[in-house]
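The next block holds one structure in the form of structure tokens; read it before the comments.
Please treat every number below as a calculation from the coordinates, not as lab data. Just so we're clear, the structure is a prediction, and the values are computed from it rather than from any experiment. Cβ: placed from backbone, ideal geometry, glycine included. Neighbour counts: every protein chain shown.
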Ligand code: FES
Ligand code: FES
């Protein structure tokens, strides 16, 4: 095999150097031989093999059952999975958006047991028995939720990326009763960023929906 050709026989010393001194060529030859042995044998003193086994071990996973938009779901997921990744990557519910993945933009807002949550900061495995509502679960069949309709009527979006989070947050804001004035709505919706700057119309849509209740 080719590993045999990478022997530890030192090449001739370079001019001007004592024959016992390590040269650039002997260093490279030795390093290559050691590397080749590690790859071919998979073990040097056993430590490399233990490391590779550890690296290959599956990460800790847990089973969780939760209700999403009225449907009971049971999955086994890596313990580090966020609710946002569970929704988007495992359940195919891509309405909740990943803006910052760090709790700073609100694009991932969903309702968990009726409360507003940043899905990117919520560990899925902690939601045993929880009821999750996402933007996909807001309409009643073909009939839009009043706040969804108000966003359309008020033209409260431009690119639309923040819109699912704005609407879910708006639903929570109305439910909480923080809609006494445009200022109060702004304050309680301040965790939802709109890079297109549609705030005036977003606040108006929330205000009108709250007034109709
Ligand atoms: S993606 Fe969750 S807050 Fe930005
Ligand atoms: S509509 Fe574009 S970020 Fe809000």
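Of all residues in region 174-185, which are in contact (Cβ under 8 Å) with a residue 12 or more places away in the chain and part of a loop (DSSP other than H, G, I, E, B)? Break it down into steps so the answer makes sense when it comes.
Step one: filter region 174-185 for residues in contact (Cβ under 8 Å) with a residue 12 or more places away in the chain, giving 174-176, 179, 182, 185.
The answer is 179, and nothing else.
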**Report entry** region 127-172, residues that are more than 25 Å from the chain's Cα centre (by Cα) and within 16 Å of ligand 2 (Cβ to nearest atom)
**Finding:** 147, 148, 150, 151, 152, 153, 154, 155, 156
Report summary line: Within region 186-213, the residues that are away from ligand 2 (no atom under 13 Å from the Cβ) and either in contact (Cβ under 8 Å) with a residue 24 or more places away in the chain or out of contact with any helix residue (DSSP H, G or I) (no Cβ under 9 Å at 6 or more places or on another chain) (or both) are 187, 190, 191, 204, 206, 207, 208, 209, 210, 211, 212, 213
